[in-house]
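To start, the structure under review is shown below, and the notes come after it.
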Amino acid sequence: MKLTKKSHACIRLEKDGRTLVIDPGMFSEEDSALGADAVLVTHEHPDHFDENRLRAGLESNPAAEIWTLRSVADKISAAFPGRVHTVGHGDTFSAAGFDVQVHGELHAVIHPDIPRITNIGFLVDGALFHPGDALTVPEQPVDTLMLPVMAPWNKISEVIDYVREIKPRRAFDIHDALLTDLARPIYDRQIGALGGTDHGRLTPGDSTEL
């Protein structure tokens with residue numbers, strides 16, 4: 001499986017000539033969903049769900065389908081009848097040849113005065129986990145963790161403890177569009193030294209084999 005990092009929280013996975021895209025949002029490239037055979041969306045916030053990017057992806061491939069939670073599905077299902085699938089915690093499905101398990105139910109707390117929305121994470125091929133905007137811990141081992149390193153809802157101590165709890169073989173940064181180049185060495189050093197796993201990051205557009 002080939003992992004390609006796109007900007008912010010978006011990633012592309014390729015296997016056997018097929019492509020799965022997760023969270024093509026407003027901070028990711030405009031063509032981030034183009035060529036996808038399947039798209040997964042963790043929640044409704046615009047940095048994870050951008051309707052224009054999804055529409056471009058589905059219009060570029062008439063066979064492409066979307067799997068997401070109800071709050072997103074309700075916004076786009078009418079435009080793509082039969083191609084948008086609603087899933088939730090505990091569901092399993094196959095998308096573009098990838099086996100996917102759904103974990104989690106709620107977005108992380110931003111502030112007690114802000115109502116929490118729903119959020120789901122995706123475990124792909126029993127190996128790679130993308131949690132969206134939450135620190136969800138799947139009920140089974142994770143080989144590769146897509147790690148949300150910087151957000152209005154987290155701090156670095158929580159990020160480090162999340163890595164420690166998941167205990168992945170490796171972790172790659174996502175949710176990093178708000179992290180400046182000045183701060184990156186601090187995050188790299190502290191997560192790498194304290195997380196207890198192989199921690200790295202990919203520049204948008206870079207790929208690695210999993």
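The values are calculated or read from the model by the stated rules, or taken from the named source; none is laboratory data. As the structure is a prediction and not an experimental result, all values here were calculated from the model. Positions of Cβ are generated from backbone atoms using ideal geometry, with glycine treated the same way; all protein chains shown enter the neighbour counts. To get the accessible areas, we keep the full protein, side chains included, count just its heavy atoms, and leave off ligands, DNA and RNA. Shrake-Rupley method; radii C 1.70, N 1.55, O 1.52, S 1.80 Å.
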* Is there a residue in the stretch 193-208 that is among the basic types (Lys, Arg), assigned to a helix (DSSP H, G or I) and surrounded by fewer than 20 Cβ atoms within 10 Å (Cβ to Cβ)? -> no
* In the stretch 134-161, how many are among the acidic types (Asp, Glu) and closer than 26 Å to residue 113 by Cα? -> 2
* State all residues of the stretch 170-198 that are of a type outside the set (Asp, Glu) and closer than 22 Å to residue 21 by Cα; if no residue qualifies, say none. => 170, 171, 172, 174, 175, 177, 178
* Single residue of 188, 173 found to be open to solvent by less than 50 Å² (accessible area, probe 1.4 Å), in a strand (DSSP E or B), out of contact with any Pro (no Cβ under 6 Å at 6 or more places or on another chain) and not aromatic (Phe, Trp, Tyr) -> 173
* **residue 139 being without any contact (Cβ under 8 Å) to a residue 60 or more places away in the chain, open to solvent by 10 Å² or more (accessible area, probe 1.4 Å), part of a helix (DSSP H, G or I) and over 17 Å from residue 67 (Cα atoms)** => no
* Of all the strands (runs of 3 or more DSSP E) wholly in the stretch 1-99, which have at least 3 residues that are farther than 28 Å from residue 200 by Cβ, open to solvent by 20 Å² or more (accessible area, probe 1.4 Å) and at pLDDT 95 or above? -> 84-86, 92-95
* Among the numbered criteria (1) touching a Lys or Arg at 6+ places or on another chain (Cβ under 9 Å); (2) open to solvent by 20 Å² or more (accessible area, probe 1.4 Å); (3) among the aliphatic types (A, V, I, L, M), which single criterion is violated by residue 145? -> (2)
* Within the stretch 176-185, count every residue that is in a helix (DSSP H, G or I) and either open to solvent by less than 30 Å² (accessible area, probe 1.4 Å) or of a type in the set (S, T, N, Q) (or both). => 0
